[in-house]
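Presented below is the structure to which this report refers.
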Amino acid sequence: MKKRLRTLRITLSAALGIMLTLLIATTVLPHGFSAIAKIQLMPALLSLNIGILAFWLVATSLLGRVYCSTVCPLGLFQDICARIGKQLKKKPKRRYRYSVAHNSLRYAVLAATIIAGIAGAAAVPSLLDPYSAFVRMVGAIVAPSAIGIAVGGITFVTIGALAFSGGRTFCNTVCPVGATLSLASRKPMMRIQIDTSLCIGCRRCEAECKASCIDAKNHTVDMSRCVMCLDCIPACHDNAITYSPAQKKSLSTGHDGRRRFLGFVGLAVAGTLAAKADSAAKTITEGKSPAKKKAVVPPGASSRDSFLSHCTACHLCVSKCPQGIIRPSATEYGILHMLQPHLDYSLGYCLHECNLCTQVCPDGALKPLSLGEKQSHAVGKAKFVLKNCVTQTDGFECGLCSRKCPVGAIDMVEHGDTLIPQVNEAICVGCGKCEYACPATPEKAIYVEGI
C-alpha cells in the first residue's frame, strides 16, 4: 500500500507531462487536450477560473502540495533531473540532507513578483511561472527563435542543474507558485508523519527527500516545503513514516486556518496583480520606417491591454502556429512585457482559415474564436508608404498586395500615370498577407500596424 500512492503519483505526473509535451510539440492530440494547460495554477488565476482555483485551494489545504508533485510540468522535469543526479552520485544513500527553510528568500521572491506585477513588469511573473517556463523550454525546440532559444536554454540549464544537485530547490526558493502554496499547506489534514516508536534513526527518509524538508533527527516534516513526492514512504523499512490524517494534537488551530486563507489570498493577489499589470509602456517606436511599428497582437485578444495583462508568455500559441509567425517579443511591447507573443509578418502571414492559437490559450489572453469570428477579427490595419512602392522606385506597376488580400480591402487607384494601392481600413483585418507579399526592398511599401 505504501508504494501504491507513490506509483499513482508518478504515473499521473508522467501522463500529464507527456500529454502536455505532445500538445506543445505536435498535432497528435485534439484541441480539447488544451484543458491540461488550463488546470495549471497561474493560467487559471489570470483567466479567473474560480473553479480551478477553488479546487487547488481545497486540495492543498487537505492533501498538501499535490499540485507540485502531479500537475506542475516543471516539477516533473526537476524530478527527472534529480533522478539522473541520484544515479550518477557515488553515494546515493546520502543523496539529500535536511536543510532549514529559506523563508526569507522564497517570500522575498514572491513579494518581488507581486511588486513587479504592480509596476507593470509582466516579464518577471512570466519568467518565474513554472508552467510557462516548461512550455518555453519545449517551444524553443519546436518553434526556435533567438530569444526563445536563449531564454529556454538558460531556464533548462539553470533549473536542471539545481534539480540535478539539490532536488526541488527551485520549488522552495524561487518559484512564486510554490511559495504561495506553501502558505496554504503548513498544516494540511493529510500529512507526512514519523512514528517515533518505530523510527530507528536510519535517516533513509531524509536521504530520499528532494525537498530537504524531513528532519529525521527531530522526527519532523516541514509540510510547507513538502512537494508530496512520497519518496520517503517506501524508503522507510520500518513503516515509521506514513502519509495519514493529522493527529489530534497537531490539528490546525484557528490561526492555521487563517494562514491557509491568507495563502489563498496571497496567490490571488500575486496572480491578479500580474494580470492587471500596467501596460502603459511605450509600444510605438519612433521613426518613419515600416520596420518600427506597433506590435501586432495575436488573434483573439479582446484588447491590447487585456492581452498584455493576462498573457503568461507560455508560448503555447508560438509552438502551435502552423505559419510560425507568432514569435516571442524582445522589445516590441516594451521591455516590461518581454517574451509576450506578437505576429511577425517577415516570416509569413496569418492564415485566413486558421484559428488554432485562439483555441489553445490557457490563460484567457486569447479568447476562443470560431473560424468565422476569426476571419472578421481585426488584429491590425495595413498602412501604405508611397515612397517605398516599386511603382515609384522602379517605375513599373505591381498590384500584388491587392491580388493577395483575402478580404478585398485593397483597391488599386490611379496616381499620376500608374496605379497604387489604397487600403480600406474598415475592411482590413491585418492578416499580413499584403506585407509578406510586397516585393519592395529594403523597406516594405505596405505593412500592418497593430491596433
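Before moving on, here are some points about what is shown:
- Yes/no for Ala59 being over 20 Å from the mean Cα position of the chain (by Cα) and among the aliphatic types (A, V, I, L, M): yes
- Any chance Ser104 is of a type outside the set (Phe, Trp, Tyr), within 30 Å of Ser244 (Cα to Cα) and either touching a Cys at 6+ places or on another chain (Cβ under 9 Å) or assigned by TED's automatic domain parsing to the domain that holds Arg225 (or both): yes
- Summed over region 309-364, residues that are hydroxyl-bearing (Ser, Thr, Tyr), within 21 Å of Val407 (Cα to Cα) and either touching a Cys at 6+ places or on another chain (Cβ under 8 Å) or surrounded by fewer than 21 Cβ atoms within 10 Å (Cβ to Cβ) (or both) total 2.
- Residues in region 366-386 that are polar (S, T, N, Q) and either closer than 17 Å to Asp411 by Cβ or without any contact (Cβ under 8 Å) to a residue 40 or more places away in the chain (or both): Ser370 alone.
- Identity of the residue in region 420-429, touching a residue at least 40 places away in the same chain (Cβ under 8 Å) and in a loop (DSSP other than H, G, I, E, B), that ends up farthest from the chain's Cα centre (by Cα): Glu425
- Inter-residue pairs, beta-carbon under 9 Å, first crowded, with 22+ Cβ neighbours inside 10 Å and in region 430-442, second part of a helix (DSSP H, G or I) and of a type in the set (Gly, Ala, Ser), 6+ apart: Cys434/Ser402
- Unmet requirement for Met42, which otherwise passes all of (1) more than 23 Å from Val157 (Cβ to Cβ); (2) buried (at least 18 other Cβ atoms within 10 Å of the Cβ); (3) modelled with pLDDT under 90; (4) not β-branched (Val, Ile, Thr): (1)
- The listed residues are Val177, Val227, and the only one of them that is buried (at least 17 other Cβ atoms within 10 Å of the Cβ), in the same structural domain as Ile84 (by TED's automatic domain parsing), in contact with a Lys or Arg (Cβ under 9 Å, 6 or more places away or on another chain) and β-branched (Val, Ile, Thr) turns out to be Val227.
- Within region 392-419, the set of residues being closer than 23 Å to Gly348 by Cα, of a type in the set (Val, Ile, Thr) and not in a loop (DSSP other than H, G, I, E, B) comprises Ile410 only.
- Residues of region 401-417 that are of a type outside the set (A, V, I, L, M) and crowded, with 16+ Cβ neighbours inside 10 Å: Cys401, Ser402, Lys404, Cys405.
- Those helices (runs of 4 or more DSSP H) lying entirely in region 146-239 with at least 1 residues small (Gly, Ala, Ser) and over 19 Å from Ala59 (Cβ atoms): 146-166, 204-208, 232-235
- Any chance Thr113 is under 29 Å from Pro328 (Cβ atoms), of a type in the set (Ser, Thr, Tyr) and not in a loop (DSSP other than H, G, I, E, B): yes
- Residue match in region 427-448 (condition: touching a strand residue (DSSP E or B) at 6+ places or on another chain (Cβ under 7 Å) and of a type in the set (Lys, Arg)): no
- Among the residues of region 1-26, the ones that are without any contact (Cβ under 8 Å) to a residue 60 or more places away in the chain and either assigned to a loop (DSSP other than H, G, I, E, B) or of a type in the set (D, E, K, R) (or both) come to 3 in all.
The values are calculated or read from the model by the stated rules, or taken from the named source; none is laboratory data. Nothing here was measured: the structure is a model prediction, and the numbers come from that model. Cβ atoms come from the backbone with ideal geometry, glycine included; neighbour counts cover every protein chain shown.
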